[in-house]
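A.B. asks: This is the structure, below, for whatever I ask next.
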Amino acid sequence: MARMKALRLHGIGDLRFEEVDAPGAPGASEVLLAVRAAGICGSDLHNFRTGQWISRLPAIPGHEFCAEVVAVGSAVRGLVPGMLVVADSRVGCGECGACIRGEVNRCARLGFVGEVRDGGFAQFCRLPASLVFPVPAGVSPRMAALAEPLAVSLHALRRLEAGPGDPIVIAGAGPIGGFAAVLAAHLGLGPLGIIERNAERARRVQAASGAQLLAATPEAIAAFAGERLLRHAVEATGQPQLVDLVIGGLAPGGRVVLVGLGPAGQAVPLHAIVERELDVRGCSAFGNEMPDVLAWLPLLAARLEDLASPPIALAAVPGEYDHLMQGRSGFVKTIIAP
Ligand SMILES: [Zn+2]
Ligand SMILES: [Zn+2]
């Protein structure tokens, strides 16, 4: 059996760089992939810290990755060795009402690549062919590895339903908030205001999106929105103070999309939501946004170039987890090259 280098989560706080058996030949409807670039997600860190989504151990994490097709099963059509693909992170049950409606991210038993099955923090990965999308020509693996979080950010923006000229506040310029700012700029939305305490990250996202950096205060939000008032906000941190700040800053009839996970059991300002007729929308993974994101990647790459880190080795990832959990990375997304 061939061996490969991989990271495996063995339990809460226990991520190890190891040599393990490589996945074998693909089944009839599967593909064998050589991972070229993978991104570290906030949810990888959350699972490492809390174990919230551990469903099997040890598990190879990683649901944001670009890979080269190495071999395809006998029933696979449209994929051939040598092609670059990105993984779909969402593993639906295929049987519940949401899956039947095509809303995989709302599956009653939704799982993710890297949790319910081995993911991309390894040299090789085997997936059902239905869980990969071909990458357009001319897009580097490092940029293609951003497709999954970009799809999440685009899903959040679509749920926001902002019109032309509507001011948008985005709390948190990490991967989801930062990419939402870039996509909003690409789509001609805004003016955009971001709230981000990591100065290096904020600078990179401002340069890529034209967003204004706002202080985390009601006065700064009000001054930014001006006479149009704030009716659209994305909250991408989950931090209770920021959730309260953006909800507090919304004008009557305003809408907030919540895409960050904070502490469970956090209070929400129900009176404000009722009395100001606020529209509070959750946002989980993505819907049908991946084809659009992939089609736009050749154009988006110039804006995204400075947001992604230079590739790091698999062996450096446990140290990078610490660095990221302390909020010290100036990049919006850390990229791994296995
Ligand atoms: Zn992710
Ligand atoms: Zn389902």
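Just so you know, all these numbers are worked out from the coordinates, no wet-lab data involved. No experiment lies behind these values; they were computed from the predicted model shown. Every residue, glycine among them, receives a Cβ derived from its backbone with ideal geometry; neighbour counts consider all protein chains shown.
A.B. asks: Could you please state, rounded to a whole Å, how far the C-alpha centre of the range 71-103 is from the C-alpha centre of the range 240-276?
C.D. replies: Value for the Cα centre distance between the two parts: 36 Å.
A.B. asks: Among Ala220, Ala208, Gln241, pick out the residue whose Cα is farthest towards the positive end of the charge dipole of the range 149-282, where Lys and Arg carry +1 and Asp and Glu carry -1 on C-beta, about the Cα centre.
C.D. replies: Ala208
A.B. asks: To the nearest Å, what is the center-to-center distance of the range 197-223 and the range 297-330, using C-alpha atoms only?
C.D. replies: The distance from the Cα centre of the range 197-223 to that of the range 297-330 comes to 20 Å.
A.B. asks: Another question about this same structure. Given q = 0.14 Å⁻¹, what are the Debye log10 I(q)/I(0) values for the range 83-207, with equal point scatterers placed on the Cα positions and solvent ignored?
C.D. replies: -0.78
A.B. asks: Right, here's the next one. Dividing the Cα radius of gyration by the Kirkwood radius, what Rg/Rh value follows for the chain?
C.D. replies: Values: Rg = 19.9 Å, Rh = 20.4 Å.
Checking Rg against Rh, the ratio lands at 0.97.
A.B. asks: Considering only the range 149-282, what is the antiparallel percent among its DSSP beta bridges, to the nearest 5? Don't skip to the end; give the middle numbers.
C.D. replies: Numbers: 0 of 18 bridges.
So the antiparallel bridges amount to about 0 percent of the total.
A.B. asks: On to the next question. With charges only on Cβ, +1 for K and R and -1 for D and E, what is the dipole size of the chain about its Cα centre, in debye, rounded to 20? Write out the running numbers ahead of the final one.
C.D. replies: Values: 29 positive and 31 negative charges, 56 e Å.
I would put it at about 260 debye.
A.B. asks: Under a point-charge model restricted to the Cβ atoms of Lys and Arg (+1) and Asp and Glu (-1), what is the dipole moment magnitude of the range 9-156 relative to its Cα centre, in debye to the nearest 20?
C.D. replies: Details: 12 positive and 14 negative charges, 62 e Å.
For this selection, approximately 300 debye.
A.B. asks: Any idea what % of Cα-Cα pairs in the range 149-282 are farther than 23 Å?
C.D. replies: Details: 1891 of 8911 pairs.
Roughly 21 percent, rounded to a whole number.
A.B. asks: Ser284 versus Arg3, label points 7 Å from Cα toward the beta carbon: distance in nm?
C.D. replies: About 4.0 nm separates the two model spin labels.
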